[in-house]
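A short worksheet on the structure shown next.
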Amino acid sequence: MELSNSLPAQLKLINFAKKEVSLSGQYQISDLPRISEIASNKTDKININLSFYLDNDKTPCIDGIISLDIVLVCQRCLGELPISLNVSFNLAFVKHEKQGEKLGSHYEIYVTEEDELATHDLICDEILLSIPMVPTHDYDCTEVMTKQEIVEEKAENPFAILKKIQMADNGKE
Ligand SMILES: [Zn+2]
C-alpha cells in the first residue's frame, strides 16, 4: 500500500480546517533531514495522521498522531537506543499570542502569520519535541564501561609518579 502521496508538501491551514480534511500517510525517516541526522534506522517508516478543523468557527486546528520506531545514540554509553514513539498532539494556529489565550488548555499554541505550513517542518518539530533532550538507556548501561576504566587506571605506568617526585627533588637542589 502506497500512502506517501496523500500528504501534501504544504498544509493550507484555514482551507483544510474549513473542509475538515483528514490526511494520513507515511514518510521514511530519511525524508526528514533533522530526524535522519540523529537516527540510525533511516529507512524505517513514520506513520502520520492529521485531522483539521476550526475551533470556535475561526481558529484552524490540527489533531495529529505520529508513530515511528527510532534508533538513537545513548548519551551515556554511546550504544544504540531504540525508542517507540507515539506522538499525539492538538495544535491551534493563531496570528497573535492573545488569540491563543481564549483557547482550551489542551492546545499547543502555534503563532504564525502564514496561512500555510510545510508538512515536513510540522512533523519534524513534533517528533523532536517528543524525544528526550539527553536520551539514555533506562538501565545502568555504564556498568560495563566503568569496569573498563578501572582496568585502564591500574595499567597506568607507576613510574610516572616517581618521575614527578625526582623532578621536584632536582628542583630543590
Ligand atoms: Zn546506554
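For residue 97 and residue 125, a Förster radius of 22 Å and the Cβ-Cβ distance give a FRET efficiency of 0.75, rounded to the nearest 0.05.
For region 84-147, the dipole from Cβ point charges (+1 on Lys and Arg, -1 on Asp and Glu) about the Cα centre works out to 200 debye, to the nearest 20. Near residue 106, once Lys and Arg are set to +1 and Asp and Glu to -1 for all other residues with Cβ below 13 Å from its Cβ, the sum equals -3. By other beta-carbon atoms within 10 Å, ranking 123, 14 with the fewest at the front produces 14, 123.
For a paramagnetic label modelled on residue 90 (point 7 Å from Cα along Cα→Cβ), amide N atoms under 11 Å away belong, within region 45-79, to 62-64. Remark: 142, 112, 136 ranked as 112, 142, 136, counting other beta-carbon atoms within 10 Å and listing the fewest first. Amide H contacts under 5 Å for residue 28: 46, restricted to partners 5 or more places along the chain or on a different chain, H placed in the peptide plane at 1.01 Å from N.
All other residues whose Cβ lies under 14 angstrom from that of residue 79 are scored, Lys and Arg at +1 and Asp and Glu at -1, for a net of -3. Ranked by how many other Cβ atoms sit within 10 Å of their own Cβ, fewest first, the residues 12, 19 fall in the order 19, 12.
Rounded to the nearest whole Hz, the Karplus-based 3J(HN,Hα) values (6.51 cos²θ - 1.76 cosθ + 1.60, θ = phi - 60°) of region 83-88 follow the sequence 10, 9, 10, 10, 9, 10, with x at glycine and proline. Taking a ≥ b ≥ c as the square roots of the eigenvalues of the Cα gyration tensor, region 1-51 is prolate, since a/c reaches 1.5 or more and a/b is larger than b/c.
None of the figures in this text is laboratory data; all of them are computed from the coordinates on show. Because the structure is predicted, anything quoted here is derived from the model rather than measured. Note that we place each Cβ from the backbone using ideal geometry, even for glycine, and neighbour counts take in every protein chain shown.
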